[in-house]
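Read through the structure below, which is laid out as structure tokens, and then see the notes.
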Amino acid sequence: MDTEHTEESEEFVLTRSRTANERLHDLIPGGAHTYAKGDDQYPENLAPVISHGRGAHVWDIDGNRYIEYGSGLRSVSLGHAHPRVIEAVRRQLDRGSNFVRPSIVEVEAGERFLATVPSAEMVKFAKNGSDVTTAAVRLARAVTGRPRVAICADHPFFSTDDWFIGTTPMSAGIPTATTELTVSFPYGDLAATEEMLTRHQDEVACLILEPATTHTEPPPGYLAGLRELADRHGCVLIFDEMITGLRWSEAGAQGLYGVVPDLSTFGKALGNGFAVSALAGRRELMERGGLRHSDDRVFLLSTTHGAETHSLAAAMAVQATYVEEGITAQLHALGERLAAGVREAAASMGVGDHVVVRGRHSNLVFATLDENRQPSQRYRTLFLRRLLAGGVLAPSFVVSSALSDADIDHTVDVVAQACAVYRKALDAGDPTPWLGGRPVKPVFRRLA
Ligand SMILES: Cc1ncc(COP(=O)(O)O)c(C=O)c1O
């Protein structure tokens with residue numbers, strides 16, 4: 001059953017989702033398995049609980065259909081239940097998922113990965129992005145013998161592990177001794193990074209950053225400059241390609257910009273929703289996690305489920321689909337159409353300076369700014385309410401290749417209606433009447 005989405009969000013209610021959200025909170029701390037999926041990220045009582053998805057669409061348990069953006073926290077970049085991926089997974093399911101010895105699927109998945117990301121020489125698979133960024137950090141510490149990790153301060157997330165979470169406002173439970181070993185550097189500023197490396201001379205094991213993402217393009221020469229800086233200071237350069245992998249190019253941002261990191265980490269889109277991540281990098285470093293050297297061994301990655309055959313099959317199918325069907329280019333084209341439409345809609349409704357689309361076309365986000373052009377969770381709440389009521393589930397505007405031009409055009413229509421309400425609220429100088437309850441909240445905050 002598809003329920004009609006009414007124009008006034010006040011009439012748009014999610015009775016079953018509301019009850020299920022309460023039950024989720026009774027059962028599961030946070031009511032979700034990723035904080036970014038939490039109902040605190042959505043307007044009060046308008047956090048749909050999903051029944052199922054197909055392509056770019058999802059259905060909630062109240063029977064509403066939505067056009068979805070940022071599917072699977074950016075992991076489902078080909079759309080839900082993608083036929084090529086599902087077929088590859090099904091084939092593998094019948095042959096067993098996990099054995100007492102490596103399966104031949106691991107050879108095939110390794111070869112496929114390194115053919116797609118030729119700047120890497122070895123690869124090791126795991127389940128989550130955090131597993132592989134933490135493995136990269138440990139390896140960097142082991143090979144350099146240095147204690148400190150330098151993270152890019154402008155990037156929101158690297159790992160669920162202590163070396164990163166200790167630096168966020170949710171640092172409860174993490175000893176300061178651990179957090180003190182993590183230092184930071186600003187994106188795009190080589191001089192400041194050099195100053196940090198000099199201040200902690202011979203102590204910094206690695207520089208870890210997303211090669212791009214929050215910035216659409218790295219400043220000219222930046223990544224090459226960072227490469228040179230890392231070499232000069234003897235630290236390992238790690239690109240976290242969780243988001244840029246596949247979305248920038250099939251070979252990630254390193255493939256697009258031609259700067260080769262020592263180590264890089266992939267996940268998210270790699271499995272199109274199946275759990276698979278990868279640590280990739282230079283042989284000389286990666287071999288330290290292996291058996292063919294005489295140095296101290298590094299416990300690099302060793303997980304029960306790391307080589308789950310159907311997830312590796314998913315990764316191979318995803319990479320083949322990207323390369324053979326030109327998916328990265330499709331993502332850019334869809335995003336370009338969406339960004340242009342949203343910008344035009346916002347401008348025509350007089351909120352062009354307030355509803356602001358940013359980012360690379362394959363990875364669009366939006367900002368909601370108040371009367372003073374400051375980021376506003378209250379205006380975000382208003383905006384999300386109107387999108388949801390229009391059948392658009394969009395915590396970001398990150399596209400999947402399953403979106404059709406008609407989906408994009410419908411999204412733009414809904415955005416235009418949302419912008420008309422946004423203008424009313426700006427004129428009133430107060431969005432409160434349009435919030436329907438408490439505002440949405442940032443993921444990282446100290447108090448619940
Ligand atoms: C840039 C980046 N690195 C690492 C991670 C962690 O990945 P996972 O949630 O799979 O552990 C994320 C997840 O959002 C991410 O965006």
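One residue stands out in segment 400-415 among those that are out of contact with any Ser or Thr (no Cβ under 7 Å at 6 or more places or on another chain) and outside any helix (DSSP H, G or I): the one that is surrounded by the fewest Cβ atoms within 10 Å (Cβ to Cβ), namely SER404.
Within segment 174-209, can you find the residues that are outside any loop (DSSP other than H, G, I, E, B), within 24 Å of the chain's Cα centre (by Cα) and not aromatic (Phe, Trp, Tyr)? THR179, THR182, VAL183, SER184, CYS206, LEU207, ILE208, LEU209 - these are the residues of segment 174-209 that are outside any loop (DSSP other than H, G, I, E, B), within 24 Å of the chain's Cα centre (by Cα) and not aromatic (Phe, Trp, Tyr). When segment 173-205 is filtered for residues that are in contact with a helix residue (DSSP H, G or I) (Cβ under 6 Å, 6 or more places away or on another chain) and of a type in the set (Lys, Arg), nothing remains.
Which of the residues that make up segment 124-134 are of a type in the set (D, E, K, R), outside any helix (DSSP H, G or I) and within 9 Å of the ligand (Cβ to nearest atom)?
Passing the criteria: only LYS127.
Test THR213 against the criterion of being touching a residue at least 60 places away in the same chain (Cβ under 8 Å), within 16 Å of the ligand (Cβ to nearest atom) and polar (S, T, N, Q), and give yes or no. When the stated conditions are applied, THR213 passes them.
State whether one or more residues within segment 135-150 are within 16 Å of the ligand (Cβ to nearest atom), part of a strand (DSSP E or B) and either assigned by TED's automatic domain parsing to the domain that holds THR304 or under 18 Å from ALA269 (Cα atoms) (or both). Scanning segment 135-150, I find at least one residue that is within 16 Å of the ligand (Cβ to nearest atom), part of a strand (DSSP E or B) and either assigned by TED's automatic domain parsing to the domain that holds THR304 or under 18 Å from ALA269 (Cα atoms) (or both), so the answer is yes. Looking across segment 326-338, just one residue is without any contact (Cβ under 8 Å) to a residue 24 or more places away in the chain and in a helix (DSSP H, G or I), and that is ALA329.
Got at least one residue in segment 163-173 being assigned to a helix (DSSP H, G or I), free of Cβ contacts under 8 Å to residues at least 12 places away in the same chain and away from the ligand (no atom under 16 Å from the Cβ)? No, segment 163-173 contains no residue that is assigned to a helix (DSSP H, G or I), free of Cβ contacts under 8 Å to residues at least 12 places away in the same chain and away from the ligand (no atom under 16 Å from the Cβ). Residues that are touching a His at 6+ places or on another chain (Cβ under 9 Å) and of a type in the set (D, E, K, R) within segment 18-42 comprise just one, ASP39.
Residue count for segment 82-133 satisfying the condition of being among the charged types (D, E, K, R) and under 18 Å from GLY290 (Cα atoms): 6.
All told, GLU87 meets the bar of being under 30 Å from GLN319 (Cα atoms) and surrounded by fewer than 20 Cβ atoms within 10 Å (Cβ to Cβ).
Do we have THR15 as touching an Asp or Glu at 6+ places or on another chain (Cβ under 8 Å), away from the ligand (no atom under 16 Å from the Cβ) and of a type outside the set (Gly, Ala, Ser) here? Answer is yes for this residue.
Taken together, the criteria exclude GLY225 from residues that are within 16 Å of the ligand (Cβ to nearest atom) and not in a loop (DSSP other than H, G, I, E, B). Scanning segment 171-186 for residues that are under 25 Å from THR214 (Cβ atoms) and loosely packed, with under 15 Cβ neighbours inside 10 Å gives a single hit, PRO186.
The values are calculated or read from the model by the stated rules, or taken from the named source; none is laboratory data. Note that this is a predicted model, so its numbers are computed, not measured. So basically every Cβ, Gly included, is an ideal-geometry build from the backbone, and we count neighbours across all protein chains shown.
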